[in-house]
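Quick notes on the structure that follows.
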Amino acid sequence: MCLFCKIASREVPAKILFEDDDVLAFADIHPAAPTHVLAIPKRHLASLDDAEPGDALLLGRVLLAAQRAAREAGLAASGYRVVLNTGRDAGQSVAHLHAHALGGRAMAWPPG
Ligand code: 5GP
Ligand code: ZN
(Lines give C-alpha, C1' and ligand atoms only; values in the text may rest on other atoms or scores of the structure.)
(Ligands and ions follow the chains in the order given, each with its own letter.)
Protein backbone atom coordinates (compact mmCIF):
# COMPACT_ATOMS: atom_id res chain seq x y z
CA MET A 1 0.00 0.00 0.00
CA CYS A 2 1.28 3.48 -0.76
CA LEU A 3 1.61 6.25 1.83
CA PHE A 4 -1.67 7.96 0.97
CA CYS A 5 -3.55 4.64 0.85
CA LYS A 6 -2.21 4.14 4.39
CA ILE A 7 -3.48 7.57 5.40
CA ALA A 8 -6.88 6.73 3.86
CA SER A 9 -6.99 3.46 5.85
CA ARG A 10 -5.77 5.24 9.03
CA GLU A 11 -2.63 3.12 9.13
CA VAL A 12 -0.64 6.37 9.01
CA PRO A 13 -2.02 9.29 11.04
CA ALA A 14 -2.91 12.62 9.45
CA LYS A 15 -5.00 15.65 10.35
CA ILE A 16 -8.19 14.72 8.49
CA LEU A 17 -10.29 17.70 7.45
CA PHE A 18 -13.01 16.12 5.34
CA GLU A 19 -14.00 12.68 4.18
CA ASP A 20 -16.80 10.86 2.44
CA ASP A 21 -17.05 7.42 0.86
CA ASP A 22 -14.79 8.30 -2.05
CA VAL A 23 -12.41 11.09 -1.07
CA LEU A 24 -10.34 12.37 1.82
CA ALA A 25 -8.82 15.78 2.58
CA PHE A 26 -6.01 16.16 5.10
CA ALA A 27 -3.37 18.68 6.12
CA ASP A 28 -0.02 18.52 4.31
CA ILE A 29 2.74 17.51 6.75
CA HIS A 30 5.11 20.18 5.34
CA PRO A 31 2.82 23.13 4.59
CA ALA A 32 4.02 25.40 1.78
CA ALA A 33 1.43 28.07 2.65
CA PRO A 34 -0.58 29.03 5.76
CA THR A 35 -3.26 26.62 4.51
CA HIS A 36 -2.03 23.54 2.64
CA VAL A 37 -4.47 20.68 2.22
CA LEU A 38 -4.23 17.53 0.13
CA ALA A 39 -7.37 16.01 -1.37
CA ILE A 40 -7.17 12.41 -2.58
CA PRO A 41 -9.38 9.68 -3.93
CA LYS A 42 -9.54 6.83 -1.40
CA ARG A 43 -9.04 4.36 -4.24
CA HIS A 44 -5.43 4.18 -5.39
CA LEU A 45 -4.76 6.07 -8.60
CA ALA A 46 -1.08 6.80 -9.15
CA SER A 47 -1.46 10.15 -10.87
CA LEU A 48 -3.73 12.24 -13.05
CA ASP A 49 -2.05 10.58 -16.00
CA ASP A 50 -3.47 7.22 -14.87
CA ALA A 51 -7.04 8.51 -14.76
CA GLU A 52 -9.50 7.29 -17.36
CA PRO A 53 -12.84 8.62 -18.59
CA GLY A 54 -14.57 6.42 -16.01
CA ASP A 55 -12.76 8.34 -13.26
CA ALA A 56 -14.34 11.66 -14.23
CA LEU A 57 -16.81 11.74 -11.34
CA LEU A 58 -14.11 10.75 -8.84
CA LEU A 59 -11.82 13.51 -10.12
CA GLY A 60 -14.64 16.00 -9.70
CA ARG A 61 -15.13 14.84 -6.13
CA VAL A 62 -11.42 15.33 -5.43
CA LEU A 63 -11.64 18.91 -6.70
CA LEU A 64 -14.76 19.59 -4.66
CA ALA A 65 -13.03 18.21 -1.56
CA ALA A 66 -10.18 20.67 -2.20
CA GLN A 67 -12.73 23.46 -2.64
CA ARG A 68 -14.48 22.52 0.58
CA ALA A 69 -11.26 22.42 2.59
CA ALA A 70 -10.23 25.81 1.18
CA ARG A 71 -13.62 27.33 1.97
CA GLU A 72 -13.58 25.92 5.49
CA ALA A 73 -10.15 27.48 5.97
CA GLY A 74 -11.71 30.83 5.10
CA LEU A 75 -10.04 31.21 1.72
CA ALA A 76 -13.07 31.74 -0.52
CA ALA A 77 -12.71 35.52 -0.60
CA SER A 78 -8.92 35.79 -0.78
CA GLY A 79 -8.51 32.88 -3.20
CA TYR A 80 -6.43 29.75 -3.29
CA ARG A 81 -4.49 27.58 -5.70
CA VAL A 82 -5.28 23.96 -6.54
CA VAL A 83 -2.42 21.96 -8.06
CA LEU A 84 -2.03 18.37 -9.25
CA ASN A 85 1.67 17.66 -9.71
CA THR A 86 1.82 14.87 -12.26
CA GLY A 87 5.00 12.90 -12.85
CA ARG A 88 8.69 13.58 -12.49
CA ASP A 89 9.09 16.97 -14.11
CA ALA A 90 6.19 18.34 -12.09
CA GLY A 91 7.84 17.16 -8.88
CA GLN A 92 5.24 14.56 -7.91
CA SER A 93 6.77 12.80 -4.92
CA VAL A 94 3.88 10.59 -3.75
CA ALA A 95 2.48 8.24 -6.39
CA HIS A 96 -1.16 8.53 -5.32
CA LEU A 97 -3.13 11.26 -7.09
CA HIS A 98 -3.56 14.30 -4.86
CA ALA A 99 -4.79 17.84 -5.36
CA HIS A 100 -2.93 20.43 -3.30
CA ALA A 101 -5.09 23.32 -2.09
CA LEU A 102 -2.85 26.20 -1.01
CA GLY A 103 -3.79 29.60 0.31
CA GLY A 104 -3.42 32.26 2.95
CA ARG A 105 -0.73 34.20 1.09
CA ALA A 106 -0.26 35.74 -2.33
CA MET A 107 1.41 33.43 -4.84
CA ALA A 108 3.62 33.97 -7.84
CA TRP A 109 2.98 32.72 -11.36
CA PRO A 110 4.39 30.81 -13.18
CA PRO A 111 5.41 28.23 -10.56
CA GLY A 112 9.08 27.24 -10.50
P1 5GP B 1 3.79 16.08 -4.40
O2 5GP B 1 5.21 16.53 -4.26
O3 5GP B 1 3.74 14.60 -4.71
O4 5GP B 1 2.95 16.89 -5.33
O5 5GP B 1 3.12 16.29 -2.99
C6 5GP B 1 3.24 15.38 -1.94
C7 5GP B 1 2.91 16.11 -0.69
O8 5GP B 1 2.70 15.16 0.33
C9 5GP B 1 4.01 17.06 -0.20
O10 5GP B 1 3.51 18.39 -0.11
C11 5GP B 1 4.38 16.50 1.16
O12 5GP B 1 4.67 17.50 2.11
C13 5GP B 1 3.16 15.68 1.54
N14 5GP B 1 3.45 14.56 2.40
C15 5GP B 1 4.47 13.67 2.25
N16 5GP B 1 4.42 12.74 3.22
C17 5GP B 1 3.34 13.05 3.99
C18 5GP B 1 2.76 12.44 5.15
O19 5GP B 1 3.23 11.42 5.67
N20 5GP B 1 1.65 13.04 5.67
C21 5GP B 1 1.10 14.16 5.11
N22 5GP B 1 0.02 14.65 5.71
N23 5GP B 1 1.62 14.75 4.03
C24 5GP B 1 2.72 14.20 3.46
ZN1 ZN C 1 -2.29 4.80 -2.89
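Tell me the residue from Leu57, Leu75 that is crowded, with 18+ Cβ neighbours inside 10 Å, away from ligand 1 (no atom under 11 Å from the Cβ), of a type in the set (A, V, I, L, M, F, W, C) and on the phi < 0 side of the Ramachandran plot, please.
On the way: Leu57 fails: crowded, with 18+ Cβ neighbours inside 10 Å.
Criteria check complete, one pass: Leu75.
Output the number of residues of the stretch 21-80 satisfying the condition of being within 18 Å of Arg105 (Cβ to Cβ), part of a loop (DSSP other than H, G, I, E, B) and not small (Gly, Ala, Ser).
To start, the set of residues in the stretch 21-80 that are within 18 Å of Arg105 (Cβ to Cβ) comprises 27-28, 30-38, 66, 69-80.
With part of a loop (DSSP other than H, G, I, E, B) added as a condition, the list becomes 28, 30-34, 73-79.
When the remaining residues are screened for being not small (Gly, Ala, Ser), the result is 28, 30-31, 34, 75.
Residues in the stretch 21-80 being within 18 Å of Arg105 (Cβ to Cβ), part of a loop (DSSP other than H, G, I, E, B) and not small (Gly, Ala, Ser): 5 in total.
Given (1) within 16 Å of ligand 2 (Cβ to nearest atom); (2) over 18 Å from Ala25 (Cα atoms), where does Trp109 come up short, assuming only one miss?
(1)
What are the residues in the stretch 89-106 that are away from ligand 2 (no atom under 16 Å from the Cβ), part of a loop (DSSP other than H, G, I, E, B) and within 17 Å of the chain's Cα centre (by Cα), if any?
Across the stretch 89-106, the qualifying residues are Ala90, Gly91, Gly104.
Out of the stretch 1-28, which residues are under 21 Å from Arg88 (Cβ atoms) and open to solvent by 60 Å² or more (accessible area, probe 1.4 Å)?
Leu3
Asn85 passes all but one of (1) over 13 Å from the mean Cα position of the chain (by Cα); (2) within 16 Å of ligand 2 (Cβ to nearest atom); (3) of a type in the set (S, T, N, Q); which number fails?
In the conditions (1) over 13 Å from the mean Cα position of the chain (by Cα); (2) within 16 Å of ligand 2 (Cβ to nearest atom); (3) of a type in the set (S, T, N, Q), Asn85 misses (1) alone.
Condition first: among the acidic types (Asp, Glu) and without any contact (Cβ under 8 Å) to a residue 24 or more places away in the chain. Now tell me which residues in the stretch 1-50 satisfy that. Write out each step before concluding.
So the first thing to find is which residues in the stretch 1-50 are among the acidic types (Asp, Glu), and the list is 11, 19-22, 28, 49-50.
Hits for the stretch 1-50 are Glu11, Glu19, Asp21.
Ala70: among the aliphatic types (A, V, I, L, M) and either within 13 Å of ligand 1 (Cβ to nearest atom) or under 18 Å from Phe26 (Cα atoms) (or both), yes or no? Break it down stepwise before answering.
Values: among the aliphatic types (A, V, I, L, M): yes; either within 13 Å of ligand 1 (Cβ to nearest atom) or under 18 Å from Phe26 (Cα atoms) (or both): yes.
Yes; evaluated as a whole, the condition is true for this residue.
I'd like the full set of residues that are crowded, with 18+ Cβ neighbours inside 10 Å and closer than 22 Å to Arg43 by Cα, limited to the stretch 81-112. Can you show your working first?
Initially, the stretch 81-112 is screened for residues crowded, with 18+ Cβ neighbours inside 10 Å, giving 84-85, 92, 96-103.
Residues satisfying the conditions are Leu84, Asn85, Gln92, His96, Leu97, His98, Ala99, His100, Ala101.
Mind checking which residues of the stretch 16-45 are within 11 Å of ligand 1 (Cβ to nearest atom) and small (Gly, Ala, Ser)?
The initial filter retains those residues of the stretch 16-45 that are within 11 Å of ligand 1 (Cβ to nearest atom), namely 16-17, 24-33, 36-38, 40.
Answer for the stretch 16-45, where residues must be within 11 Å of ligand 1 (Cβ to nearest atom) and small (Gly, Ala, Ser): Ala25, Ala27, Ala32, Ala33.
The values are calculated or read from the model by the stated rules, or taken from the named source; none is laboratory data. Here the structure is a predicted model, which is why all the values come from computation and not from measurement. Cβ: placed from backbone, ideal geometry, glycine included. Neighbour counts: every protein chain shown. When the accessible area is computed, the model is the full protein with side chains, heavy atoms only, and any ligands, DNA or RNA have been set aside. Shrake-Rupley method; radii C 1.70, N 1.55, O 1.52, S 1.80 Å.
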